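These notes are about the structure you will find just below.
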């Protein structure tokens, strides 16, 4: 896998974080947090469709869609009192959305450890994002296993 | 030059009412020379979304813990941290945070390890501040650096290590985790599976009083009579002259209980076992009890 190339969207996010000082990385994470879109109405009305990511320190729920063109869309919701978790979800939602099933499944499981946030938020907290990525990939596998 | 204490009648029943301030008091005293307000949260970004005007941020993980060893920062590190936040040795520090002041209490406990004398909690934390119409700003203050003396941590009085707990067995122990963790049904706290252990259960003889029971719905501490019912006769059975150790998973929730027992009930000999279950539940050959009963002191 030495020739593996991270999809452009994720590579750009990583580059943006790594270009900043630690303190500014937190502010960029806050920007992501604020950009987390509202759930589409069809899910907001159906909490039963959402999966809770229990590894995160605050309640966060995700739902993965795979469209007819085999493109992945990640939806997530977390309370405003949990900006770090919202930020993690937003990074993945923006970084993964529109990628193909194959591309999403190929994203390294340790991607969250590589974007320069471990020191800014602490290794313990970054594990919440690892869990989000893991559950997203599992949902993608389940939804394409037909 | 300490800032005058909050004389609200509802605090006067506690043993050390000077350890609490109300939202009204804080609104009236913001900007008073000698007062520094500190926010300490579980969520590392919450401060950035908006905080009490003038408040500085201290993060339990990235600021108060040593980045390599499982321990707190040392005297030099603490002096550097506080000096950079504009806190002097004689500053009045008021700490507040999310989750019923869970992390704020933890920060207060660490401040106490270094003997910082005047450190108080904002009763109810962020939730109460918001409910009472308190203002937030995203403007981060840049306090002028001050000299904070290098004072070595005193771990002997309010901190317990694993061996201290072994020697303590037979005296009151309070396990402040959820019943599921206490019973041994799970090796992690609900919603915190990343802090797991190899074994589940509790330390023999520990009584289970989940920390959150000390907080009312609005996040403030419960009245003294209710706290007494929880921890003294009829509850955990703690008496005035007992030595007590509280623990949880990493020592944060039990800091909240330590604050209640020490400053609200006025018990003089309470220690927090910060190694807590993440150490005990993975340690070799320490006694463990599973199930809802406290269990007995092991005979060997």
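No lab work stands behind these numbers, since they all come straight from the coordinates. None of these values were measured; they are calculated from a predicted model. Glycine also receives a Cβ, built like all others from the backbone with ideal geometry; neighbour counts cover every protein chain displayed.
Observations
- On the basis of the beta-carbon distance and an R0 of 56 Å, residue A:41 and residue B:18 show a calculated FRET efficiency of 0.60.
- Gyration tensor verdict on the stretch A:1-144 (Cα atoms; rounded if a/c is under 1.5, prolate if a/b is larger than b/c, oblate otherwise): oblate
- For the stretch A:67-134, alpha-carbon Rg and Dmax in angstrom: 12.5, 40
- Diagonalising the gyration tensor over the Cα atoms of chain B and scaling each eigenvalue by 5 before taking the square root yields semi-axes of 32, 21, 18 Å, largest first.
- Sorted by Cβ neighbour density within 10 Å, fewest at the top, the residues A:8, B:130: A:8, B:130
- Gyration tensor (alpha-carbon) shape descriptor, the stretch B:118-167, a/c threshold 1.5: oblate
- Only beta bridges with both residues in the protein assembly as shown are counted; by DSSP, about 35 percent of them are antiparallel.
- With a 10 Å cut-off around each Cβ of A:83-96, the average count of Cβ atoms from other chains is 2.
- Contact order for the stretch A:11-146, expressed relative to its length and based on alpha carbon pairs under 8 Å spaced 6+ residues apart, stands at 30 percent.
- Against chain B, whose longest principal axis comes from its Cα atoms, helix B:75-84 is set at around 30 degrees.
- Label-point gap, in nm, between residue B:7 and residue A:9 - each point 7 angstrom along Cα→Cβ: 6.2
- Spatial separation of Cα centroids for the stretch B:29-81 and the stretch B:105-168, in angstrom: 8
- GNM flexibility winner over chain A from A:41, A:131, A:82 (Cα, springs under 10 Å): A:41
- Across peptide B:59-69, the average count of Cβ atoms from other chains found within 10 Å of a residue's Cβ is 2.
- Order of A:39, A:124, A:49 under a 10 Å beta carbon neighbour criterion, fewest first: A:49, A:124, A:39
- Likely footprinting exposure, B:148, B:231, B:247, fewest C-beta neighbours within 10 Å first: B:148, B:231, B:247
- Scattering curve values for the protein assembly as shown, log₁₀ I(q)/I(0), Debye with Cα scatterers, q = 0.06, 0.11 Å⁻¹: -0.28, -0.92
- Nearest-0.05 FRET efficiency for residue B:293 and residue B:218, computed from C-beta distance (R0 30 Å): 0.35
- Residues in the stretch B:235-272 reached by a label modelled at residue B:69 [backbone nitrogen below 16 Å; 7 Å Cα→Cβ]: none
- Sorting the segments B:85-92, B:201-208 by their mean number of nearby beta carbons within 10 angstrom, highest to lowest, gives B:201-208, B:85-92.
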